[in-house]
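Down below is the structure, laid out as structure tokens.
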Amino acid sequence: MSGALNQTPLHAWHAAHGGRMVDFAGWSMPVQYGSIIDEHQATRTAVGLFDVSHMGRLRIDGPGGAALLDRLLTRKVTGLGPGKIRYSLVCKEDGGILDDVLVYHLRQPQDALYHQLVVNASNREKIVNWFRSQMRADDEATLTDQTVETAMIAVQGPSALRLLEPLVGADLGGLAYYSGAETSICGHRGIVSRTGYTGEDGCELIVPAAAAVDVWTRVLETGKDQGARAVGLAARDTLRLEAAMPLYGHELNECIDPLTADLACAVNFSGRDFVGREALLVIQAKPGRPRRVGLELVGRRIPREHYPIVVGGEKIGEVTSGTFSPTLQKSIAMAYVQPQFAEVGTEVAVDIRGAMEPAHVVKLPFYHSRAK
Amino acid sequence: MKPTELLYAETHEWVAVSTEGGRKVGTIGITAFAIEQLTDLVHMVLPKVGTKVGAGKEFGEVESVKAVSSLYSPVSGEIVAVNDQLPGRLEKLGDDPYNSGWMIKVALSDEADLNKLMDHAAYQKQCASE
């Protein structure tokens with residue numbers, strides 16, 4: 001293995017606690033500590049802790065920050081109230097997706113407002129370079145990559161808010177879904193947000209790198225009786241797939257546009273301009289685009305990425321992510337298919353290493369949390 | 001069967017050799033180490049009795065949440081028995097990989113295949129380095 005892998009501030013903790021470490025987007029990350037299914041279920045029924053420090057955290061300061069983001073994101077940032085968070089996309093001129101991001105609008109203790117982007121680990125350098133190349137001298141905005149100085153911990157599951165309540169300065173019950181605040185976290189200054197990538201209720205915490213182990217161990221310790229446990233990237237993937245959340249590099253890439261990806265809700269065309277707008281308007285008017293669908297299989301074999309979807313001997317699409325769903329106890333997948341095969345109930349087959357395994361199109365998401 | 005009395009392939013299959021009806025038969029499964037590495041098994045495909053296998057050639061596959069892995073026969077010969085119970089009780093495979101976790105029995109066509117396999121000590125060494 002290459003010695004050049006990035007390590008999160010929790011790396012030693014993972015290694016000491018049975019974390020099976022793998023190279024993920026240039027970072028040495030725990031894929032699992034034990035059973036993926038147990039970690040998955042713990043998150044659905046109690047609390048899972050995820051080290052997501054590998055994700056990029058980019059801070060945008062200055063009076064021109066909102067205008068810069070307005071130009072580069074598919075949704076409008078101007079008007080996003082302090083404490084609010086928005087899911088958005090960064091597109092190229094041709095409408096291809098460079099990344100999917102969360103934009104935080106936050107207020108510092110001294111009352112200054114700033115924006116923060118959380119970007120995919122695999123796209124961090126690309127997005128930093130893209131933003132720098134798109135920034136103009138008169139933008140009145142600065143971009144700082146704070147990924148290394150900070151750590152990010154996702155606390156997800158039905159007991160997550162109750163667990164965090166005594167550890168966090170902010171009133172979590174009063175924090176709406178997709179909002180966040182600068183506050184104290186286990187006595188450290190940090191950001192708590194009501195966000196996550198598992199389909200469960202919960203929070204994500206951003207703290208100084210030096211505080212990461214303290215926060216992580218205290219949250220785990222406090223939540224021990226509620227069944228809190230560390231969860232690796234493998235269960236993060238099965239959880240997000242059940243929740244039908246797209247993953248960059250699988251459902252999303254530079255050759256897929258937000259409309260095809262079924263993310264029209266993350267594109268705001270009206271009364272504004274942004275990179276990719278013209279191309280997306282053309283795509284929007286174009287009939288016959290492939291569609292992102294959910295598939296449920298009859299058998300237990302798992303449809304993996306790139307496996308063909310077949311109807312009547314013809315390939316009509318391709319799997320982008322597949323897994324065995326611990327919640328449904330069924331093999332499931334997300335896939336892109338030709339639009340005439342996208343209706344719920346459509347019978348298709350997945351070519352699993354030469355065998356045509358029957359499957360049908362189902363409504364997304366596969367799993368809906370009761371809370372939130 | 002005791003792990004110390006088995007032979008092992010680099011690809012983590014074990015073989016127990018016995019004499020049945022005057023011919024040498026290898027009983028084949030996968031090791032506890034392999035099962036531990038795979039974790040969360042969800043599906044297994046085993047061949048039919050009568051199928052011919054070659055040493056180092058695929059005879060089936062086992063699928064975990066994370067990945068699909070091929071099962072390789074450590075020996076050449078004809079499959080004379082298949083553990084049809086196993087695919088329906090994969091979650092129990094980890095408890096007893098060397099006995100009720102057996103997968104196939106192969107009537108050996110070339111006993112020299114056995115010379116290429118590892119003993120328990122050599123296999124342990126391999127696992128430690130992985």
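The values are calculated or read from the model by the stated rules, or taken from the named source; none is laboratory data. Since we're looking at a predicted model, the values are computed, not measured. Neighbour counts run over all protein chains shown; Cβ positions are idealised from the backbone, glycine included.
Data table
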item	result
Residue list for the stretch B:65-79, filter: over 30 Å from A:ILE36 (Cα atoms) and surrounded by fewer than 18 Cβ atoms within 10 Å (Cβ to Cβ)	B:GLU78
Any hit, the stretch A:278-293, residues being surrounded by 22 or more Cβ atoms within 10 Å (Cβ to Cβ) and within 14 Å of chain B (Cβ to nearest Cβ)	no
Residues (out of contact with any Phe, Trp or Tyr (no Cβ under 6 Å at 6 or more places or on another chain) and farther than 13 Å from B:ALA55 by Cβ) located in the stretch B:65-77	B:LYS66, B:ALA67, B:VAL68, B:SER69, B:SER70
Unique residue being in contact (Cβ under 8 Å) with a residue 12 or more places away in the chain, under 20 Å from A:ALA141 (Cα atoms) and surrounded by fewer than 18 Cβ atoms within 10 Å (Cβ to Cβ) when the list is A:GLY79, A:GLY62	A:GLY62
Test: residue in the stretch A:312-321 that is aliphatic (A, V, I, L, M), more than 11 Å from chain B (Cβ to nearest Cβ) and either out of contact with any His (no Cβ under 9 Å at 6 or more places or on another chain) or crowded, with 16+ Cβ neighbours inside 10 Å (or both)	yes
Selection count, the stretch B:65-83, where residues are more than 14 Å from chain A (Cβ to nearest Cβ) and out of contact with any helix residue (DSSP H, G or I) (no Cβ under 8 Å at 6 or more places or on another chain)	9
Some residue of the stretch A:40-48 being crowded, with 24+ Cβ neighbours inside 10 Å, more than 25 Å from A:SER331 (Cβ to Cβ), touching a residue at least 24 places away in the same chain (Cβ under 8 Å) and in the same structural domain as A:ASP225 (by the TED database)	yes
All positions within the stretch B:16-52 that are in contact with a strand residue (DSSP E or B) (Cβ under 6 Å, 6 or more places away or on another chain), hydrophobic (A, V, I, L, M, F, W, C) and more than 14 Å from chain A (Cβ to nearest Cβ)	B:ALA16, B:VAL17, B:VAL25, B:ILE28, B:ILE30, B:VAL49
Answer residue from the stretch A:328-363, given it is in a loop (DSSP other than H, G, I, E, B) and surrounded by fewer than 16 Cβ atoms within 10 Å (Cβ to Cβ) and is farthest from the other protein chains (Cβ to nearest Cβ) among those	A:GLU343
Residue check for B:VAL80: at pLDDT 95 or above, farther than 14 Å from B:HIS12 by Cβ and hydrophobic (A, V, I, L, M, F, W, C)	yes
From the options A:ASP23, A:ASP61, residue that is more than 14 Å from every other protein chain (Cβ to nearest Cβ), under 18 Å from A:THR144 (Cα atoms) and of a type outside the set (Phe, Trp, Tyr)	A:ASP61
Candidate set: the stretch A:26-39, residues that are facing another protein chain (nearest Cβ under 9 Å) and among the aliphatic types (A, V, I, L, M); chosen: the one nearest to the chain's Cα centre (by Cα)	A:VAL31
Residue match in the stretch A:247-270 (condition: buried (at least 16 other Cβ atoms within 10 Å of the Cβ) and under 16 Å from A:ALA154 (Cβ atoms))	yes
Unique residue being in contact with a Leu (Cβ under 8 Å, 6 or more places away or on another chain), not in a strand (DSSP E or B) and not β-branched (Val, Ile, Thr) when the list is A:HIS40, A:HIS14	A:HIS40
Sole exception among (1) within 14 Å of chain A (Cβ to nearest Cβ); (2) in contact with a Lys or Arg (Cβ under 9 Å, 6 or more places away or on another chain); (3) aliphatic (A, V, I, L, M); (4) surrounded by 16 or more Cβ atoms within 10 Å (Cβ to Cβ) for B:VAL62, by number	(2)
